[in-house]
Amino acid sequence: MKTVTVTNRFFADPPVLLAWAILMAPLAVTSPALAQNRHRTELPFPDLPGLVTLRCDFHLHTVFSDGDVWPTVRVEEAWRDGLDAVALTDHIEYLRYKEDIPVNYGRAVDVARADAESLQITVIRGAEITRGEPPGHLNALFLTNVAALKEKDYRVAVRKAFEQDAFLVWNHPGWKQPDHKSVWYAEQGEFYTNGWLRGIEIVNGPHYDPIAHQWCLDKRLTMIGGSDAHDPMGFEYRGPPDDIRPVTLVFAKARNAEALREALVARRTAVFSQGRLIGEPEYLEPLLLGAIEIINPEIRLRRKGTALIQVRNKSPLSFELRLKPNPPGLDVEEKVLLAAGKVSLIRVRDVSDRVTAEQRVGLPCTVLNLLAAPNQGLKTVLPVKVEFEP
Ligand SMILES: [Zn+2]
Ligand SMILES: [Zn+2]
């Protein structure tokens, strides 16, 4: 209270104000030089009931393996792209700059820590076990001792990751395979059967892998998206809002690393990439319904009349709706785009032969770019009530 009074008097005093203005004048003149291009473009996907939505990139390289980026830059890139968490997953077996930077496994996370704390980005200590195919490349996330994975036998390396409670992801399974078609080798079968393999990258960089997507559905593995960026992010993507890295949305019980790990084990993820969201219908549907707001959810139709339904999409993803087949008595336009950050219209027309008043609840639709399975959009119902006047 006392502080407020003093502050008010300070600014109310004309000589003090004048002195203040003189003092600040050089700063005003130099302000163009201080102009920054350091902005965060948020990714406003909604939280799900009882869960927070965290935006993550689980696959990144730095100069501590073969990336061309210092770890603190990875943190600010994540902040700019609207993320909440990143995993730094430098290769264990391939250290391109070892003549220039002392070999110190897992050091990238320590270097990134201070910036990450001030920007509220969770940084996960990871590593990429990098072998020929099979078993290919595997990311171990939430490690405590990266150096322990430096083993000749990849099975021993993977076991040591598992002993640290790491979450193991099979990276880019289609890489170097004939026609880029992913192959499930006996080695993956072994890690799957003994419970070590928990997730697969269904998106790596700009590439979506429908085979890996189907494996995640059939084998109850976690769907992961990772940029696998080696260069500065701006070299690979134009930047938000239109062109950003793949982002794994994680539906966690809290905003911290332990909660992230729990959610990954429980398979509560969806992958946002290239204008699509890929995941289990049980998460895609509440995400869609939380992202949109039907401004006039109750409409009235006169005989042979038309009406317009206004739908606000608060998310960063435009939803591509297919509204056929129509409910009885209604003609709805076949395709509607619910544009990101805008209010869109859905036009409905009465084509019924009714003689009395009727009502219908719900507009069935398929959201083509919410992938519940390869080539299969999410089927849902928009909560709209249509009153047919007599
Ligand atoms: Zn790799
Ligand atoms: Zn990688």
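The values are calculated or read from the model by the stated rules, or taken from the named source; none is laboratory data. Just so we're clear, the structure is a prediction, and the values are computed from it rather than from any experiment. Because the Cβ atoms are built from the backbone with ideal geometry, glycine has one as well, and the counts that use them run over all protein chains shown.
Observations, loosely collected:
- Within region 285-306, the only residue that satisfies the criterion of being free of Cβ contacts under 8 Å to residues at least 40 places away in the same chain and either assigned to a strand (DSSP E or B) or acidic (Asp, Glu) (or both) is GLU293.
- Look at region 119-136: where a residue is more than 26 Å from TYR154 (Cβ to Cβ) and a partner is basic (Lys, Arg), sitting 6+ places away or on another chain with Cβ atoms under 8 Å, you get THR122/ARG255.
- Residue in region 82-89 that is surrounded by fewer than 23 Cβ atoms within 10 Å (Cβ to Cβ) and farther than 19 Å from ASN256 by Cβ present: no
- Taken as a whole, region 222-229 holds no residue that is assigned to a helix (DSSP H, G or I), crowded, with 18+ Cβ neighbours inside 10 Å and within 16 Å of ligand 1 (Cβ to nearest atom).
- The residues in region 59-74 that are buried (at least 23 other Cβ atoms within 10 Å of the Cβ) and either within 14 Å of ligand 2 (Cβ to nearest atom) or within 22 Å of VAL203 (Cβ to Cβ) (or both) can be counted, and the count is 8.
Residue by residue, here is whether (1) touching a residue at least 24 places away in the same chain (Cβ under 8 Å); (2) not in a strand (DSSP E or B) holds:
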| residue | (1), (2) |
| --- | --- |
| GLU201 | yes, no |
| LEU217 | yes, yes |
| ASP231 | yes, yes |
| ARG245 | yes, yes |
| VAL250 | yes, no |
| GLU258 | no, yes |
| LEU264 | yes, yes |
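- Residues of region 160-187 that are closer than 19 Å to ILE202 by Cα, in a helix (DSSP H, G or I) and away from ligand 1 (no atom under 16 Å from the Cβ): PRO178, ASP179.
- Candidate set: region 114-141, residues that are at pLDDT 95 or above and exposed (fewer than 13 other Cβ atoms within 10 Å of the Cβ); chosen: the one nearest to THR53 (Cα to Cα): GLN120
- Filtered residues of region 352-385 (kept if in contact (Cβ under 8 Å) with a residue 40 or more places away in the chain and either of a type in the set (S, T, N, Q) or loosely packed, with under 12 Cβ neighbours inside 10 Å (or both)): THR366, ASN369, ASN375, THR380
- Test for LEU301: is it modelled with pLDDT of 95 or more, surrounded by 13 or more Cβ atoms within 10 Å (Cβ to Cβ) and among the hydrophobic types (A, V, I, L, M, F, W, C): no
- Among the residues listed as PHE319, PHE388, the single one being under 18 Å from ILE292 (Cβ atoms), among the aromatic types (Phe, Trp, Tyr) and crowded, with 19+ Cβ neighbours inside 10 Å: PHE319
- Scanning region 114-126 for residues that are among the hydrophobic types (A, V, I, L, M, F, W, C), outside any loop (DSSP other than H, G, I, E, B) and touching a Phe, Trp or Tyr at 6+ places or on another chain (Cβ under 8 Å), we see that the one that is nearest to GLU76 (Cα to Cα) is LEU119.
- In region 130-157, residue nearest to ligand 2 (Cβ to nearest atom) [restricted to those that are under 21 Å from LEU260 (Cα atoms) and out of contact with any Lys or Arg (no Cβ under 6 Å at 6 or more places or on another chain)]: ASN139
- With respect to being in a helix (DSSP H, G or I), farther than 28 Å from ALA212 by Cα, away from ligand 1 (no atom under 14 Å from the Cβ) and in contact (Cβ under 8 Å) with a residue 40 or more places away in the chain, ALA157 falls outside the description.
- Sole residue being in contact with a Phe, Trp or Tyr (Cβ under 9 Å, 6 or more places away or on another chain) and in contact (Cβ under 8 Å) with a residue 60 or more places away in the chain, chosen from PRO241, PRO206: PRO206
- Residues of region 68-101 that are aromatic (Phe, Trp, Tyr) and either part of a loop (DSSP other than H, G, I, E, B) or closer than 20 Å to THR144 by Cβ (or both): TRP70, TYR94, TYR97.
- Residue within region 130-145 that is outside any loop (DSSP other than H, G, I, E, B) and away from ligand 1 (no atom under 13 Å from the Cβ) present: yes
- Residues satisfying the stated conditions in region 104-113, i.e. within 16 Å of ligand 2 (Cβ to nearest atom) and either part of a loop (DSSP other than H, G, I, E, B) or surrounded by fewer than 20 Cβ atoms within 10 Å (Cβ to Cβ) (or both): TYR105, GLY106
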